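Student: If you scroll down you'll find the structure; I have some questions about it.
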Amino acid sequence: GHPPYPAAVPSAVPGSTVNGVVPLAYVESHLTTQAVVLEQQRRIADLEKDLTAARAEIARLKATHAAETDAEKSAKTPGAADPDAKKVSSRYWTPDEHKRFLEGLKRFGHKDIKAISNHVGTRNATQVRTHAQKYYLRLSRESSRQNKPPNGSQTNSATQPLSASRQHPQQPNDGSSVHSNGVSSDGS
């Protein structure tokens, strides 16, 4: 694929031909130069491909950023993009939100977080789930405070034997067993 080499070097290079034959040093130099030029042309083509791909990526990122910015703006202004969008909530639950949370809890049960979220109206499912966890922890903490001994002493459950109240209520201590109908296996 190389262009044919002239039989003689152009007259611009004096003394470069000997009997009309191109000297070997000239041919080698020309081939080396041509190889460098071809390599540079390949490199330029690769760089142009990379540049085109980078420009496309920049355009994609700009479009994504613009869409995210628009979404953030519409989220900050309730009803701007979607008239039915929930308002942006503060970090703390208002007494009214908590009241609606309790109503939803009673109405839908503790497992239907999405329905409770819709009932509250201003909180998403994740916020409702977190609020429920904190609410149950608080109830547990308050009930454990009420069950504390009056003198403030605490019992160590690891050293105390199981009390009768902690044993299974249907298991008598005499070795016989009680069936679910309440009749014991020894006939009593």
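Student: For residue 139 and residue 35 in the same chain, what is the full-extension length gain: residue separation times 0.36 nm, less their Cα-Cα distance, in nm?
Tutor: Full-extension gain reported as 29.3 nm.
Student: How much of the accessible area of segment 96-153, probe 1.4 Å, is carbon plus sulfur, in whole percent?
Tutor: With neighbouring chains kept in place, the figure for segment 96-153 is 51 percent.
Student: Given the pairs 106/134; 106/148; 114/134; 99/134, which span a C-alpha to C-alpha distance of over 21 angstrom in this model?
Tutor: Checking Cα-Cα distances, 106/148 exceed 21 Å.
Student: While we're looking at this one, here's another question. Please work out how much length the chain gains when fully extended from residue 130 to residue 58, using 0.36 nm per residue of separation minus the C-alpha to C-alpha distance, in nm with one decimal.
Tutor: Stretched fully, the residue 130-residue 58 segment lengthens by 22.0 nm.
The values are calculated or read from the model by the stated rules, or taken from the named source; none is laboratory data. As the structure is a computational prediction, the values presented were derived from the model and not from experiment. We work out accessible area using only protein heavy atoms, side chains counted, and drop any ligands, DNA or RNA first. Shrake-Rupley method; radii C 1.70, N 1.55, O 1.52, S 1.80 Å.
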